[in-house]
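Reading through the structure tokens given below for one structure.
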There are 2 protein chains.
Amino acid sequence: MSQGDSSFNPPRGMRDFYPEDMILRNATFGAWTAAAARFGFQSYDSCVVESLDLLKRKSGEEVVDQIYTFADKSGRELALRPEMTPTLARMIAARQRTLSFPLKWSAIAQCFRYERMTKGRKREHYQWNLDIVGESSVSAESEVIATALYALGLMGLGKDKLCVHFNSRSLLSLLLNHIGIPAAHHQQTFLALDKRGKISDEEITALLNAAGIDKPNIDKIFQLTQISTLDEVFERLGKSPLPCQQIIRFMELIDAQGIRDSVMFDISVIRGLSYYTGIVFEAFDTDRKFRAIFGGGRYDNLLADVGGTPATGVGLGFGDVVIAEILAVNDKVPVANQSQVTAIGFMEDNQHLQAVSIATALRHKGTSVDLATHSEKPKGFFSRTGKAGFKQAIYVGPDDINSGTVRIKDLATRNEQIIKISEITGS
Amino acid sequence: MSQGDSSFNPPRGMRDFYPEDMILRNATFGAWTAAAARFGFQSYDSCVVESLDLLKRKSGEEVVDQIYTFADKSGRELALRPEMTPTLARMIAARQRTLSFPLKWSAIAQCFRYERMTKGRKREHYQWNLDIVGESSVSAESEVIATALYALGLMGLGKDKLCVHFNSRSLLSLLLNHIGIPAAHHQQTFLALDKRGKISDEEITALLNAAGIDKPNIDKIFQLTQISTLDEVFERLGKSPLPCQQIIRFMELIDAQGIRDSVMFDISVIRGLSYYTGIVFEAFDTDRKFRAIFGGGRYDNLLADVGGTPATGVGLGFGDVVIAEILAVNDKVPVANQSQVTAIGFMEDNQHLQAVSIATALRHKGTSVDLATHSEKPKGFFSRTGKAGFKQAIYVGPDDINSGTVRIKDLATRNEQIIKISEITGS
């Protein structure tokens, strides 16, 4: 038995979705899909199997270590993608001369990452990807963030539950220049500062030191991280440098999007991936109990990195795992399942064909019908359909066939309605 | 350049879906999903990565040869599933004591098969799976076939374009008994006969001979394959054996489903997989130019094979590749893309924020809006939005801001409507 039992599990770190699990997943994917359509994004997709070479060229080292790799029978090195961005870059580069820019693309992509299993961390998840490629103005950042917040609204999570924290790597570069850190050290400084909260300040100091930054400058860098408002930034830099102008415009657009209360400047937001070059952002629950709900930012070198013509873009990734945890603590997990479905049952085989005809007629009128596959006693039928939460139930017995009518019972209100069978079937 | 170009392709045999490819895919998945809901199926899913051991135990030898396999870092043998059925059996077996039967489950599953590349044959495809498990009566067969035909109807393909051909392995067994072929030879006879049309009759004779069947019996088997109607079957067996009774009932149910004209008996339908035990079926285009659109049948040993309690079921698989070819020759490939979307543009940066406000208000009223990310000349805006096939276009210029109105242009009829901005934004 135990041997049999263990074979019933999915592979370690992979998820099964039973019908009750699909309610939440369908609601999540539905909100993502609806928001993308509402904001004029076009959907795209690609196979979860990608060439290892592409992923090696595009992803960070840490990511490459965690890729599931294998070879096909011709010895090609293949992999299960850990993220969608290299694939996006490849697909756009392939048609760069014929696509219209800026393009706004959306995908729900399954991604795999071989991580040591810590407290239920999974090895695969679904990630909604939004990208606007070929638009240099911050209207791209404003648009992807508004789209993601719209999706969260559809899931029942508004500004009281979460906030988008943003920063700008180009702004940070100006601030680093301002305190005398040369550009050659900025990238390593970003990656070190991104680890704040995950490792100690001493370890970050060691990282910065290893990057060739001396103690006085490290102290100045730590002082920068104390900045808490844009006004403090403008006091140091003025408002005229381009990154400052961009952030001011970004906030105006965010305001016009009606999401001003859900967006705040936060100098601690850096993002781990090295390809970001401008505004970066992460959305967190208000209590900061969970990892980021979504994150993203501007990249400039993505297409060039895969061999395409350089083009700037903004990307956003929104996974299905953290949002599920946040919906759970906010009591927003959808439970509806069969609530839009009419159940039809019958007492004896003699009423089976009539029940099929009624089901067929209702389905062609647009009603979802769960038709019993065998006869049932009325008690069993109403107990089963009541428990399953169907909207309505129609039970066909010999008397109904004789009278030419059926009773449609609303399972929530228990109201009954008597209807002629010929009215339903039109015969 | 050529080096760059080659890196832009997906791995061999895998598909990219650009936005224009997603129109057909979304329509296909949409029809599958809608039909499954209309017939009361519940959705389920599982990860595309499955344990190789499960697949080896459940799939035919030919299939196992074509599985993409790899190991995780702990040495576990994993695989990309070639079909969904072993996963379905595992998931049901894991909860066999708590699930309610009969259960009706639906999944759209990506499946991989490493095949030699012949004329564009792909190595991955999506397959819609419908299963009714725990129902012994032929109402299960009738229900899955009606559901698949309903989906085809949603795609614009009716009874004039296709037909479901069915047979019964238990009926075939009776016919084989009737001519003196012992039960021990039936399975090999099925697999040999399934190859008719793919290999020559001489080769099938050789296969039957190798299975230990002598020449006179092989001749009798070939005579059976000439049967073209159920009446001819009943002449030999009468109507009282259970498989005959089941087929008679099946046809009554098919009639009540209103799909009698789309279903015909065809003794040549056997199906290649060994796990079928009862009725088997395949849907073909009327001209028989393409491979089967969908296929399936009854299985009895699936759950027991993975270590569960035996339960009978009916499964149906419907791939996304053949249907795409048939939709293409029937001119039924959907082309609509942005036809439900309103495009908004603006002349100068000064009108950008107002354009964002209008877009935001419309989106919250349920309109899909593609908002320009930068200013455009009117000629460019209307040329771009006309080509893309948007439903409506709103172009905001300085005069509009002054007058407090915008013009909404229907891009198909070219009608224009002047509306107060305050009416849209409610401010």
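The values are calculated or read from the model by the stated rules, or taken from the named source; none is laboratory data. Values in this document were obtained by computation on a predicted structure and should not be read as measured data. As a convention, Cβ positions derive from the backbone with ideal geometry for all residues, glycine included, and neighbour counts pool all protein chains shown. Accessible surface areas use protein heavy atoms only, side chains included; no ligands, DNA or RNA. Shrake-Rupley method; radii C 1.70, N 1.55, O 1.52, S 1.80 Å.
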Item to check | Sole residue being at pLDDT 95 or above, within 14 Å of chain A (Cβ to nearest Cβ) and open to solvent by less than 60 Å² (accessible area, probe 1.4 Å), chosen from B:ALA355, B:ALA388 | outcome: B:ALA355
Item to check | Yes/no for B:GLY272 being out of contact with any helix residue (DSSP H, G or I) (no Cβ under 6 Å at 6 or more places or on another chain), in the same structural domain as B:HIS186 (by TED's automatic domain parsing) and assigned to a loop (DSSP other than H, G, I, E, B) | outcome: yes
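Let's see how each residue does on (1) farther than 30 Å from B:ASN209 by Cα; (2) within 9 Å of chain A (Cβ to nearest Cβ); (3) without any contact (Cβ under 8 Å) to a residue 24 or more places away in the chain:
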residue: B:LEU78; (1), (2), (3): yes, yes, no
residue: B:LEU103; (1), (2), (3): yes, yes, no
residue: B:GLN110; (1), (2), (3): yes, yes, no
residue: B:HIS125; (1), (2), (3): yes, no, no
residue: B:TRP128; (1), (2), (3): yes, no, no
residue: B:ILE132; (1), (2), (3): yes, yes, no
residue: B:GLU143; (1), (2), (3): yes, yes, no
residue: B:LYS195; (1), (2), (3): no, no, yes
Next on the checklist: Conditions first: (1) closer than 21 Å to A:GLY75 by Cα; (2) crowded, with 21+ Cβ neighbours inside 10 Å. B:GLN66 passes all but one, so which condition is the exception?
Outcome noted: (2)
Checklist outcome for this item: If you go through A:THR385, A:THR373, A:THR360, the only one that is in contact with a Pro (Cβ under 6 Å, 6 or more places away or on another chain) and over 30 Å from A:ARG121 (Cα atoms) is A:THR373
Checklist outcome for this item: Here the residues within the range A:224-247 that are open to solvent by 50 Å² or more (accessible area, probe 1.4 Å) and either among the acidic types (Asp, Glu) or within 30 Å of A:ARG38 (Cα to Cα) (or both) are A:ASP231, A:GLU232, A:GLU235, A:GLN245, A:GLN246
Checklist entry - For the subset of the range B:358-385 comprising residues that are in contact with a helix residue (DSSP H, G or I) (Cβ under 8 Å, 6 or more places away or on another chain) and part of a helix (DSSP H, G or I), which member is surrounded by the fewest Cβ atoms within 10 Å (Cβ to Cβ)? => result B:ALA361
Checklist outcome for this item: Turns out the strands (runs of 3 or more DSSP E) fully within the range A:21-136 with at least 2 residues that are of a type outside the set (Ser, Thr, Tyr) and more than 22 Å from A:THR309 (Cα to Cα) are A:68-71, A:77-80, A:103-112, A:124-133
Item to check | Test for B:PHE250: is it in contact with a Phe, Trp or Tyr (Cβ under 6 Å, 6 or more places away or on another chain), under 19 Å from B:GLY296 (Cα atoms), modelled with pLDDT of 95 or more and aromatic (Phe, Trp, Tyr) | outcome: no
Checklist entry - What's the number of the condition B:ASN177 fails, among (1) at pLDDT 95 or above; (2) within 30 Å of B:LEU24 (Cβ to Cβ)? => result (2)
Checklist entry - Which residues, counting only those in the range B:230-263, are in contact with a helix residue (DSSP H, G or I) (Cβ under 8 Å, 6 or more places away or on another chain), touching a residue at least 60 places away in the same chain (Cβ under 8 Å), assigned to a helix (DSSP H, G or I) and within 24 Å of B:ALA292 (Cβ to Cβ)? => result B:VAL233, B:PRO243, B:GLN246, B:ILE247, B:PHE250, B:LEU253, B:ILE254, B:SER262
Next on the checklist: For the range A:293-309, give me each residue that is free of Cβ contacts under 8 Å to residues at least 60 places away in the same chain and open to solvent by 10 Å² or more (accessible area, probe 1.4 Å).
Outcome noted: A:ASP300, A:ASN301, A:ALA304
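Residue by residue, here is whether (1) open to solvent by less than 20 Å² (accessible area, probe 1.4 Å); (2) at pLDDT 95 or above; (3) over 23 Å from B:HIS364 (Cα atoms); (4) not acidic (Asp, Glu) holds:
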| residue | (1), (2), (3), (4) |
| --- | --- |
| A:LYS56 | no, no, yes, yes |
| A:GLU62 | no, no, yes, no |
| A:LEU88 | yes, yes, yes, yes |
| A:SER136 | no, yes, yes, yes |
Next on the checklist: All but one of (1) over 30 Å from A:ALA359 (Cα atoms); (2) in a helix (DSSP H, G or I) hold for B:GLY212; state the number of the condition that does not hold.
Outcome noted: (2)
Next on the checklist: Condition (residue is in contact with a Cys (Cβ under 8 Å, 6 or more places away or on another chain), over 30 Å from A:PHE8 (Cα atoms) and open to solvent by 40 Å² or more (accessible area, probe 1.4 Å)) applied to the range B:256-272: is it met by at least one residue?
Outcome noted: yes
